[in-house]
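The values are calculated or read from the model by the stated rules, or taken from the named source; none is laboratory data. Since the structure is predicted, the reported quantities are computational estimates derived from the model, not experimental observations. Note that we place each Cβ from the backbone using ideal geometry, even for glycine, and neighbour counts take in every protein chain shown. Heads up: the accessible areas ignore ligands, DNA and RNA and are worked out on the full protein's heavy atoms, side chains in. Shrake-Rupley method; radii C 1.70, N 1.55, O 1.52, S 1.80 Å.
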Amino acid sequence: MTGPVWNLLRGVFLVAVVVGAWWSWRDSGDELRRALDQVAPAQVALAGALVLVGLVVTGAVWRVALGAFGLGGPVREVVPPFFVAQLGKYIPGSVWSFAAQGALGARRGLPPRVPAAAAVLFLGAHVSSGLLLAGLFGWWTGLPAWVVSVALLVGVVGLVPAVHRAVGRRVAGAECGWTLHHSLVAAALMVPVWACYALALVALAPDVDARTALTLGCAFAVAHAAGVAVPVAPAGLGARDGVLVVLLAPVLGTGPAGMVALVARLLHAVADFVVAGAAWLVVRASDARRPSGGPTPGH
């Protein structure tokens, strides 16, 4: 891909991401200000730090997904492009983050369909691990039993290696070596991620005991899966927040549940852009060290 074409595509992608992010928040200003008035700045800062930590750890799961296709390399080469491409989820539609993964992978000498397939496997492990945790621990929460049951079923099926191999081969057009080891490692790596996200909600919510804390974490995992299931909305807009409020309202009350959902969405969006911005600086530095179109070291 030539320099001018790459620069044009990069510019279009950035504009689309910014417009998509703006669109997702365009009518939420007053509501967000009221929500932020209900929590102390220290609570927001702590929750934001926890979300950042959880997000960064997902980069390790991305490496697991790439490894299923026999790809590896230094962390600074394979992880930063992943975080940049993840901003594609703010563009309405279901394919843009995957397309961005493919484009950035091709820029580094990889077959375009393989990074896109790895992104699909990553998303599957991400969502399924959260649902599995919600299915295992949800019985000790305020969540409805049928929600916990469905979460457990989908979480288990979503981590079956044969499912990942079939999807990986289909998307990549190449052999996918996802095994039980990949499923176990990805799920284990996602435990601290979901823990950080749950603790971020605990930091925001009022008067949280152990059962409520567990409910917050399980509800967020289920709500996240609901957002992924509505691909036309930027970053699951509407679906994730709506499901989270419905699941938390019986425990926290409608007002506090809405506050927690809205502030959490803000913190996750800020974390996405902060990490992607830092990752982009690493990508640019890496590109400067490598001849144009040259392969990533270690592949």
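The label point for Trp23 and the one for Trp140, both projected 7 Å from the Cα toward the Cβ, are 4.3 nm apart. Remark: spin-label model distance Val167-Phe273 equals 2.9 nm, labels positioned 7 Å along the Cα→Cβ axis. Here the calculated FRET efficiency for Val75 and Leu36, from their Cβ-Cβ distance with R0 = 22 Å, stands at 0.05, rounded to the nearest 0.05. Taking packing as the residue-averaged number of other Cβ atoms within 10 angstrom, the listed peptides 242-251, 28-37, 276-285 run from highest to lowest as 242-251, 276-285, 28-37. Using a probe of 1.4 Å on the protein chains alone, the accessible area found for Phe273 is around 70 Å². Note that segment 201-209 has calculated 3J(HN,Hα) couplings of 5, 4, 5, 8, 7, x, 6, 9, 9 Hz, one per residue in order, obtained from phi through the Karplus relation 6.51 cos²θ - 1.76 cosθ + 1.60 (θ = phi - 60°); glycine and proline are x.
Counting only protein chain heavy atoms and rolling a 1.4 Å probe, the accessible areas of Thr254, Thr212 rank, largest first, as Thr254, Thr212. Taking all protein chains as shown and a probe of 1.4 angstrom, Trp62 keeps an accessible surface of around 10 Å². With the simple spin-label model, which puts each label point 7 Å out from Cα in the Cβ direction, the Ala174 to Ala188 separation comes to 2.7 nm.
Peptide packing for 39-45, 155-161, 110-116, 217-223 was compared via the average number of neighbouring C-beta atoms within 10 Å per residue; ordered from the highest value, the list is 217-223, 110-116, 155-161, 39-45. Listed values for segment 219-230 are Karplus-derived 3J(HN,Hα) couplings in whole Hz (6.51 cos²θ - 1.76 cosθ + 1.60, θ = phi - 60°), namely 5, 5, 4, 5, 5, 4, 4, 5, x, 5, 6, 10, and x replaces Gly and Pro.
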